[in-house]
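The values are calculated or read from the model by the stated rules, or taken from the named source; none is laboratory data. Quick caveat, the model's predicted, so the values are computed rather than measured. When we count neighbours, we look across all protein chains shown, and the Cβ atoms used for this are built from the backbone with ideal geometry, even at glycine. We work out accessible area using only protein heavy atoms, side chains counted, and drop any ligands, DNA or RNA first. Shrake-Rupley method; radii C 1.70, N 1.55, O 1.52, S 1.80 Å.
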Amino acid sequence: MEIKNVTVFGSGVLGAQIAFQTAFHGYTVTLFDIREDLLEDAKIKFEQFKLLYQQDINADAADLDAAVSRISFTTDLSLSVKDADLTIEAIPESIEIKKDFYNRLGAVAPAKTIFCTNSSTLLPSQFATETGRPERFLALHFANYLWKNNVAEIMGHAGTDPEIFKEIVQFAKTIGMVTVPIYKEQPGYVMNSLLVPWLMAGLDLYRNGVADAQSIDKTWMKTMGADLGPMAMGDLVGMSTAYNVTQSYYQGTGEEVWKERMDFLKANFIDKNKFGISTGEGFYKYPNPAYKNEDFLK
Ligand code: NAD
């Protein structure tokens, strides 16, 4: 099936980016959200994206205007999918909200429509039944700032049709993504399966008093030839995200170590308004963190 019309659900952080990137690559896009004012906010974001695309990937101004002209907006769910070949859902990361949403979507979408979720922590199998079309449902996961962090992870569940999986890998390529096909359901996909343990290893060394933040980062940077260590990366990701991750792993696994990490982040960072780069302090102080000093690795 040729994909032409794409509907994106949720015009928040990721939904607005997915809609813009997809339209930028020539698709006709419909953006759905639950309120008009949210869609108005998305239009403002698109103006900001135009500048960022020019700055970061040298995009052409006329192509950016054309991208916006290919996007339409609606708060009417049935209308939003009337002729959709593909939908990409980027609504809040809550199993209840997603289940409810897919129950309603499955009832109004045409039979041909493929459903993708951009969920970061939930698995497609957790709400495949609610879609009413499990064989046409899978995850297509993007990263924040997707026009430059252009990696898409594609992950089905056991009931996803392999042909649909291939089609979505192909689609992701056509919108400028480097694709990561994932052959088995994996919480955190490939990226967070690598990143989260690394960040947590750094955090554990720090909170257990094994080494200070700078020594942990120096060790990694010097030996791996990397620009950042896990503590600096923690500041970049931000403490609220780090806290949410520990909370969701605690809820998912029930393992006590996640609760200890969660409590540590809350007491030492969240409650002290040290959210990382966004508030000027985390493991380092900004705007001139020590790890950026010329002599940091000497
Ligand atoms: P967000 O809160 O910025 O946006 C969510 C949007 O969904 C909002 O515009 C909201 O109005 C809308 N919404 C709320 N309830 C809805 C409903 N019932 N039906 C339709 N729309 C509804 O969230 P986000 O950060 O863009 O995350 C969205 C999804 O993308 C989540 O599943 C998240 O895990 C995933 N994701 C986020 C990031 C990130 O860096 N923020 C990265 C990758 C994946």
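Of note:
- Here Met1 and Leu79 are evaluated by their C-beta separation; at R0 = 30 Å the FRET efficiency comes out at 0.90.
- Linear extension gain, Lys148 paired with Asn273, 0.36 nm per residue minus alpha-carbon span: 42.1 nm
- Each helix, a run of at least 4 DSSP H residues, gives -39500 (n - 2.57); summed and divided by the residues of the chain, these come to -15000 deg cm²/dmol at 222 nm.
- Per-residue SASA remark: Ser94, around 30 Å² accessible (1.4 Å probe; ligands, DNA and RNA not included).
- DSSP bridge analysis restricted to the range 107-201 gives an antiparallel fraction near 25%, rounded to the nearest 5.
- DSSP loop chymotrypsin sites (Phe, Trp or Tyr not before Pro) with at most 15 other Cβ within 10 Å excluded, longest remaining stretch of the chain: 1-144
- Separation of alpha-carbon centers, the range 64-83 and the range 253-282, rounded to whole Å: 39 Å
- Rg/Rh ratio calculated on Cα atoms of the range 124-222 (Kirkwood radius): 1.14
- When only Cα pairs below 8 angstrom with a gap of at least 6 residues are kept, the chain shows a relative contact order of 12 percent.
- DSSP beta bridges fully contained in the chain are about 15 percent antiparallel.
- Note on Asn58 and Gln170: the model spin-label points, each 7 Å out from Cα along the C-beta direction, lie 3.0 nm apart.
- DSSP loop GluC sites (Glu not before Pro) with at most 12 other Cβ within 10 Å excluded, longest remaining stretch of the chain: 3-254
- Pairs of alpha carbons in the range 191-288 whose separation is greater than 24 Å (percent): 16 percent
- Where Met224, Met233, Met239 fall by accessible area, highest first, once all protein chains stay in place (1.4 Å): Met224, Met233, Met239
- Greater than 27 Å apart at Cα, pairs in Lys99/Lys272; Lys148/Lys292; Lys43/Lys184; Lys148/Lys298; Lys4/Lys166: Lys99/Lys272; Lys43/Lys184; Lys148/Lys298
- Square roots of five times the Cα gyration tensor eigenvalues for the chain, Å: 36, 23, 18
- With a Förster radius of 30 Å applied to the beta-carbon distance between Glu185 and Asn293, the computed FRET efficiency rounds to 0.10.
- Nearby aspartates and glutamates by direct alpha-carbon distance to Lys173 (threshold 13 angstrom, same-chain neighbours under 8 apart not counted): Glu153
- A viscosity of 1.002 mPa s and a temperature of 20 °C, combined with the Kirkwood radius over C-alpha pairs in the Stokes-Einstein formula, give the range 5-182 a diffusion coefficient of 134 µm²/s.
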